[in-house]
């Protein structure tokens, strides 16, 4: 829950409305005791939608997804055809 004073609400209204659209609860307060007086609520909260392949049921990332063959690892390290890099000492 987000609390905002009336002054903060006047200066940041568009931001508070966007946050309410994302489903956050916004309470407006007044006075030194910050007494709650109003609430900003979205009429139609934005729906979260899955992106890309994760939207497809049953999609799984393979266990070896981040593993590269040795030849590609050598290429990324700048090694040529199985040669190891020379020490620069």
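Which ones in the range 66-85 are assigned to a loop (DSSP other than H, G, I, E, B) and modelled with pLDDT of 80 or more?
Applying the first criterion (assigned to a loop (DSSP other than H, G, I, E, B)) to the range 66-85 yields 66-69, 78-85.
The answer is 66, 67, 68, 69, 78, 79.
Looking only at the range 22-60, filter to residues that are more than 30 Å from residue 7 (Cα to Cα) and touching a helix residue (DSSP H, G or I) at 6+ places or on another chain (Cβ under 9 Å); which one of those is modelled with the lowest pLDDT? Applying the filter and picking the extreme gives 49.
Residues considered: 32, 19. Of these, the only one that is outside any helix (DSSP H, G or I) and free of Cβ contacts under 8 Å to residues at least 24 places away in the same chain is 32.
The values are calculated or read from the model by the stated rules, or taken from the named source; none is laboratory data. Worth saying up front: this structure is predicted, and the values here are computed from it rather than measured. With ideal geometry, Cβ positions are generated from the backbone for all residues, glycine too; neighbour counts draw on all protein chains shown.
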